[in-house]
Amino acid sequence: MSKGVGVDLEDVCIRFGDFVAVREANVSIKGGEFFSFLGPSGCGKTTILRAVSGFLEPSEGRVMIGGKDMAGFGPNKRPTALIFQNLALFPLMKVWENITFSLEVQGVGKAARRKRADELLEMIALTGQGDKLPSELSGGQKQRVAIARALCAEPDVLLLDEPLSALDLKLRQHMRTELREIQKRVGITFIYITHDQGEALTMSDNVAVMRAGIVDQISDGHSIYNDPATPFVASFVGENNVFRGKVKSINGDHAVIDTNRSGDLVARIATSAKGSLNIGDPAMMFLRPEACKIATDTSAAQNRLTAKVLHEEFEGQIYNVFLEGAQGKEIKMSLVNVGQERQSKHSNELTLEYNPDQAVILPAGELASE
Amino acid sequence: MNIANFFRNYFEKNGIGLGTFLLVAVVFWVVVLIILPQLSMLDFSFRHHLPPPEMGGPKDVYTLEHYEYLILGAPGADTSYNVVDLGVFGRTLMAAVFVTLLNLVICYPIAYYLAQTKGGGGYTRILVLLLIIPYWINEILRAFAFRIIFGDSGLINETLLVFGLIDNPVDFIRANVALYAGLGYAYILLMIFPIYNVIESLDRNQIEAARDMGASWTRIHWRVVIPYAKPGISSGCTMVFMLTAGALAAPQILGGPSSLWFTQIIYQWFNQGGNWPRGAAFAIVLLVTCVIIVLSMMRIFKVRMGDIGK
C-alpha cells in the first residue's frame, strides 16, 4: 500500500466566467486510498477531477500530488491517468496498442510493449485478445481494457470519471468488486467520480459528497449513511423520510423536535450538529425507510408514528410500504422479505416505531432535489 | 427477396407518385447525365475523324488511331514518341498531385480547427463565412483576380517592392506560382468539408486520453486524429485531384506562356482542331489514368470505397 501517493486540494476554487463550479474545496486524499466524489450531475465533481488530471487549472488554491504543487503541469506531465466516462478507447488501434499507448509515447520498442500488453491482458483476464479491435469486445471487456490502458503507464493516481455508468446492472455490480480488487492489488490511489451512491459506498475507503460546488461531507461510507453532516447528504445518499420542525428539548446525544404534522419525535443529534443545535432552532429529522418497524404495542411515544397504508411495492428482497401519516404526511417504510405474514394491507392503520439512535436530527437546510 | 417484391415494398413505402418521381429522377441522372455522355465519348474516341457527309458511311469504322497518336505522335514525325503531348500529360498529373498535397497541408489544420471549436462562438462562423463567400463569385472572375494579384504591378509585387524585399517585380505567372495558387484555392472547400465532417464526429475524449497518456500534439494527430480522418482526407484528395487534373479555366488564365495543361490540349482538339474523336480519346485517357491513380492510392492507404461515402 506504500505505492500510493496522496492528493490534496487546498482551498480550490474553479470558476467559469461568473459561474462558480467548485467553491473552496479542501480535500485530503491519502496515498493508496479508494476515494470517491459523490454528487448529483452538475455538482462540480467532474470539474475537480479535471483539475487533478491537469486539463484545467484551479482559479484559486492548489492541487498537490505527493506533496508537490501541480500548478503549470499539463495532463501529460502529471503522475495521473484518467479513465473517461465513455472510456475513449482508440477505435482504430488494436487492443494491445490501446493498452500500451503510453509506452509508445515514451518510445518503448514494439517487442517490449507487446510483452507488457500481454502481462496486463492476463491481469484483466483477457489473455489472447490483444489483436482484436475495441469494437469486437463486450462492454465489460472494454471497461477492463480502459483500466489496463490507464494502469500501463504505472500512474501514482488513477482517476475514474463514472466509468461504470454505461454498463447494465449486473455487470456494474461485478465491475465494482473487480475495480476494488484491482485497486488493492496495484495499491495506488484511486479517485472515483460517481452519482451512484451504491458505487461510492461499496468501493470507497472515503467519500466526499458534493452539492453545487461545495464539499458537504468527507467521511467513510458508514458515517455518510448513518451520520450525515447536512440535510443534503441525508437526502441524497439513500432514502430518508424527512420531518421538519423545531427543537423542543435536548437531552445529551438526543433531541426532541416538535414537528408540524407528526407531533413530537425523538432522535439522535448528528455529530456535525452537536453543540450547535439550540432549543427553538428549525430542524429536520431523517428517518430511513428500513429503520421503521411495525410496533406490536400501540401506546403513544416519541419514537412512534401512526399511519395508514396507501400502497405497497414488492422489490424482491424488500417490501416498500407507502403510508399516510397525520395530516397527509407521506412516510415510506421498507420491510425485509423474510416470508412473514404481511400486516400492511391497504387502509390498515399501523403504528410505526423506530430506534431513536437510527434517526438523525440536523439543523434545517437544503435537501437534494428529487 | 426478388425484384418484384423489392418494387412492391418500394412503392408501398414511398407511394406511387413520389416513388415514380424518385425512380425517374435517379434513372435520368445516372443514365442520361452520367452513363450516356461517357459512352458516347468512348464511342467517339474509337472513330476516324471524318467530315460529316462520310459519317455513318463505309469509312466510319472503329480505329485506335487517336490513342496511337497520343503515344506515338503523328505518322512520320521526328521522334518515335509523342513527346510533347505525353510530356504535358505527365506534367499535368504531377502538378495535380502537387496541388492536392498542398491543399491537404493547408486544409487539414483549418478543418481540424473548425471541427474542434464548433460551438466555440463567433470566430468559427466568421471563418466559415470567409471560406464560403468567395465561392459566390464566378470561377473565371476569381482566376482573373489572382492574375491581377500576382501580376507585375499586382498587390504582392507592389508590397514586396515597397518593403524593399525585391528590386524588380517577380514574374509569378511565368513561374506558375499564380497557377498553383489559383488551382489550390479553387477547390479548397472540397478538401476542408470532408475532413471537417469526419473530425467533427471524433470524440474529444480520445484526444484528451492521448494527451493524458503523455502524447505530443504531433503524435496525437499521427496516431489518433489522422487515422480517424482518413476517409475524409481521401475523399477530399480524390475530389481535388480529379478536379485539378481536369481544370481548364485556371490554366487558361493563370498558366505561364510555356505551361500547357492537358485539358487545354483536349480543348484545342475539340474546338480549334474540330477533331472530336481525338479530343475524346485524350479525355478518356486522362479520365482512366486519374481513376487508376485514385484507386491505387486508396489501396495503398487502405481506404475502402464504402468509407468515402461516410
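The values are calculated or read from the model by the stated rules, or taken from the named source; none is laboratory data. Predicted, not measured: the structure shown is a model, and the values here were computed from it. Every residue, glycine among them, receives a Cβ derived from its backbone with ideal geometry; neighbour counts consider all protein chains shown. Please note that ligands, DNA and RNA were not included when accessible areas were found on the heavy atoms of the full protein model with its side chains. Shrake-Rupley method; radii C 1.70, N 1.55, O 1.52, S 1.80 Å.
Miscellaneous remarks
- Quick note on the stretch B:1-143: its Rg to Rh ratio, both from C-alpha atoms and Rh being the Kirkwood radius, is 1.16.
- Surface/4 estimate of mean projected area, convex hull on alpha-carbon atoms of the stretch B:169-310, nm²: 11.6
- For the stretch B:64-308, fraction of C-alpha pairs farther apart than 23 Å, in %: 60
- Relative contact order computed over chain B (Cα-Cα under 8 Å; 6+ residues apart), in percent: 24
- Built amide H within the under 5 Å cut-off of residue A:254, gap 5+: A:269
- Pairwise Cα inverse-distance average, inverted: Kirkwood Rh of the stretch A:91-152 (Å): 11.2
- Dimensionless Rg over Rh [chain A; C-alpha; Kirkwood]: 1.06
- With 5 Å bins from 0: P(r) over the stretch A:216-290, alpha-carbon pairs, percent: 3, 17, 28, 25, 18, 7, 1
- Max mean-square fluctuation residue, GNM over chain B, Cα-Cα springs under 10 Å, options B:188, B:106, B:35: B:35
- The residues of chain B expose on average 58 square angstrom of accessible surface per residue, using a 1.4 Å probe on protein heavy atoms.
- Averaging the sequence gap over all C-alpha pairs within less than 8 Å and six or more residues apart, then dividing by the number of residues, gives the stretch A:231-363 a relative contact order of 30 percent.
- For the stretch A:7-226, the average shadow cast by the Cα convex hull is 12.0 nm², which is a quarter of the hull's surface.
- Cα-Cα separations in the stretch B:211-283 greater than 16 Å, expressed as whole percent: 66
- Choice from A:181, A:315, A:60 with maximal GNM fluctuation in chain A (Cα, 10 Å cutoff): A:315
- Computed E for residue A:324/residue A:26 - FRET, C-beta separation, R0 35 angstrom, nearest 0.05: 0.20
- If R0 equals 30 Å, the separation of the Cβ atoms of residue A:264 and residue A:313 corresponds to a calculated FRET efficiency of about 0.50.
- Calculated Rg and Dmax of the protein assembly as shown using C-alpha coordinates, Å: 37.4, 126
- Using the 1.4 Å probe convention, the accessible area of the stretch A:163-288 works out to 40 Å² per residue with neighbouring protein chains retained.
- Burial of accessible area (probe 1.4 Å, heavy atoms of protein chains only) in the stretch A:34-83, relative to its chain alone, reaches at least 10 Å² for A:50, A:55, A:75, A:76, A:80, A:82.
- Candidates B:281, B:305, B:264 compared by Cα position along the dipole of the stretch B:64-308: farthest toward the positive end lies B:305, with charges placed on Cβ.
- For the stretch A:249-370, lysine pairs separated by 8 or more sequence positions, or belonging to different chains, with Cα-Cα distances below 18 Å total 8.
- The stretch B:1-104, accessible surface, carbon-and-sulfur percent (1.4 angstrom probe): 74
- Remark: relative contact order (chain A) = 16 percent; criterion is Cα-Cα distance under 8 angstrom and separation of 6 or more residues.
- Taking all pairs of distinct alpha-carbon atoms in the stretch A:130-203, Kirkwood radius in angstrom: 13.0
- In the stretch A:1-127, taking the dipole from charged Cβ atoms about the Cα centre, the farthest positive-side position among A:99, A:17, A:42 is held by A:99.
- Pairwise FRET efficiency - residue B:94 versus residue A:76, Cβ, R0 = 41 Å, nearest 0.05: 0.50
- Dipole axis of the protein assembly as shown (+1 Lys, Arg; -1 Asp, Glu on Cβ), positive-most option in B:207, A:350, A:275: B:207
- Kirkwood hydrodynamic radius (C-alpha pairs) into Stokes-Einstein, the stretch A:235-370, 25 °C and 0.890 mPa s, D in µm²/s: 160
- Accessible area buried between chains B and A, both sides summed, probe 1.4 Å, in Å² to nearest 100: 1800
- For the stretch B:64-308, size of Cβ-based charge dipole, Lys and Arg +1, Asp and Glu -1, in debye: 760
- Carbon + sulfur, % of accessible area of the stretch A:231-363 - ligands and nucleic acids excluded, 1.4 Å: 47
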